[in-house]
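Each remark here refers to the structure printed beneath this line.
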Amino acid sequence: MDRLLARDAVTGHPLVYGELLIGDRGGRNKLLADYERMHQADMVPHGDVVGFVRDRRLHGKGAGWIDIRLTASAAIERLLSGQPTSISPSPLEARRQSALSIPICERR
């Protein structure tokens, strides 16, 4: 974990932190301390997550709401950082990305 943190190769999320916070006590304090050192992805607003689901037709696919919220946050973090993502943008995101000149590419 220390190597990943040193390279800034991991990103946390408030929902994951919350799960770790209420989870198992074994090694929890060290894990939480490390987790707090990570860059934290922003929470995506509810309406944007709803749009994310609708635009990508993610309903009925077996993913839970927390899973989708994390996926939306990860996708936005990758798009804003210019990293490749396997999640294609919605039409609205594509227009926003074009306006912001942030490259969107798909990992194969």
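For this structure, a couple of remarks:
- Enumerated helices (runs of 4 or more DSSP H) restricted to region 1-82, each holding at least 3 residues that are under 18 Å from the mean Cα position of the chain (by Cα): 14-21, 28-37, 46-56, 65-81
- Residue list for region 35-47, filter: surrounded by fewer than 17 Cβ atoms within 10 Å (Cβ to Cβ) and either within 14 Å of Val16 (Cα to Cα) or not small (Gly, Ala, Ser) (or both): Glu36, Arg37, His39, Gln40, Asp42, Met43, Pro45, His46
- Per the conditions (1) at pLDDT 85 or above; (2) surrounded by 13 or more Cβ atoms within 10 Å (Cβ to Cβ), the sole criterion not satisfied by Gly62 is (2).
- Scanning region 1-34 for residues that are in contact (Cβ under 8 Å) with a residue 40 or more places away in the chain and either open to solvent by 60 Å² or more (accessible area, probe 1.4 Å) or hydrophobic (A, V, I, L, M, F, W, C) (or both) yields Thr11, Leu15, Val16.
The values are calculated or read from the model by the stated rules, or taken from the named source; none is laboratory data. Bear in mind that the values here come from a model prediction, so they are computed numbers and not experimental data. Quick reminder, even Gly has a Cβ in these numbers, built from the backbone with ideal geometry, and neighbours come from all protein chains shown. We work out accessible area using only protein heavy atoms, side chains counted, and drop any ligands, DNA or RNA first. Shrake-Rupley method; radii C 1.70, N 1.55, O 1.52, S 1.80 Å.
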